[in-house]
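Taking it in order: structure first as structure tokens, then the write-up.
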Amino acid sequence: MSHAPSPAGPSNRTRPVPAAAEEAAVAAGRGGTRAGRGGAALVTGASSGIGAAVARRLAAEGGWRLALNGRDVTRLEQVAAQAGAVALPADLTRPGADRALADLALGHLGRLDLLVAGAGLGWAGDFTGMPAARIDEVVGTDLLATVHLVHTLLPHMVAAGSGRVVLIGSFAGSVGVRGEAVYSASKAALATFADCLRYELRGTGVGVSLVIPGVVDTPFFDRRGTPYTRVWPRPVPAARVADAVWSAVLRGRDEVYVPGWLRLPALVRGAAPGLYRRLAARFG
């Protein structure tokens with residue numbers, strides 16, 4: 001796991017934020033950003049993995065002014081330099097970090113059209129052997145930090161009458177995964193949080209997307225202390241998840257599974273939970 005700097009603050013070694021993108025019509029109906037035309041975006045968890053891939057994808061699309069958050073200052077600055085973004089390193093689990101990051105991001109960007117909440121970590125093993133400190137760390141990072149940041153930034157989007165929040169969930173939150181009880185629970189809570197927000201935000205012009213990846217080829221597994229050893233399903237590249245994030249932004253999609261076939265076991269779990277549990281117990 002990377003080490004966190006104390007307060008949220010912009011790196012003084014990053015490239016300046018590019019000029020503001022041209023104002024355009026707000027995406028109609030389900031809420032969203034100026035999708036095809038870019039806007040102002042904040043991406044968390046951007047020092048590596050999915051967050052870094054999302055930052056690169058938005059930069060490649062053009063027209064986006066980007067602020068990136070992560071806990072590893074060196075890697076965050078490298079990604080920010082590649083994406084032409086401003087780096088705002090901070091540990092979002094620290095009290096008040098959400099407000100400090102929000103103030104800095106809005107100060108640099110002027111407004112916020114898109115929030116991609118990609119910060120997360122895992123832990124694998126039997127729940128009874130999980131240290132209490134790790135429980136707090138996983139729940140604090142994967143759920144509470146995201147909820148607090150959305151709580152701080154959402155009023156700005158609602159006041160502007162447009163915007164999109166993209167939450168990075170996990171297939172483990174859709175079905176539950178053996179040996180990942182707390183991680184699965186945190187991601188399941190995030191999925192329910194996304195549903196609740198959609199109901200509340202109906203008619204405001206602000207949309208909420210949940211991107212649900214399965215196994216992704218990132219340093220995530222090494223950092224959790226247990227590498228991924230299964231032959232199937234095979235990990236997908238982080239860039240593929242970034243493509244799904246872009247699809248959610250561009251089309252205003254509520255949920256996107258990566259890969260798409262993961263929707264099927266999730267549907268089986270919802271329609272026939274007893275059958276799913278028997279299959280999961282047999283095949284893992």
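The values are calculated or read from the model by the stated rules, or taken from the named source; none is laboratory data. For clarity, every value in this text was computed on a predicted model and none was experimentally measured. Please note: Cβ atoms are built from the backbone with ideal geometry, for glycine as well, and neighbour counts cover all protein chains shown. When the accessible area is computed, the model is the full protein with side chains, heavy atoms only, and any ligands, DNA or RNA have been set aside. Shrake-Rupley method; radii C 1.70, N 1.55, O 1.52, S 1.80 Å.
Would you pull out the residues with amide H under 5 Å of Val258's amide H, same chain only if 5 or more places away, H placed 1.01 Å from N?
Ile212, Gly214
How large, in percent, is the carbon and sulfur part of the accessible surface of the range 96-138 at a probe radius of 1.4 Å?
54
Between Val236 and residues 5 or more places away or on another chain, which pairs have amide H atoms under 5 Å apart, with H built 1.01 Å from N, and which residues are they?
Those lying under 5 Å, H to H, from Val236 are Val215, Val216, Asp217.
How far apart, in nm, are two points set 7 Å out from the Cα along the Cα-to-Cβ line at Gln78 and at Glu61?
So the two model labels end up 2.5 nm from each other.
Apply the Karplus curve 6.51 cos²θ - 1.76 cosθ + 1.60, θ = phi - 60°, to the phi angles in the range 135-147 and return the couplings in whole Hz, x for Gly and Pro.
4, 4, 5, 5, 5, x, 7, 7, 10, 5, 4, 5, 4
Under a 5 Å amide H to amide H cut-off, with H placed in plane at 1.01 Å, what residues pair with Trp123 once short-range neighbours are removed?
Those qualifying (amide H under 5 Å, at least 5 residues apart or on another chain) are Tyr183.
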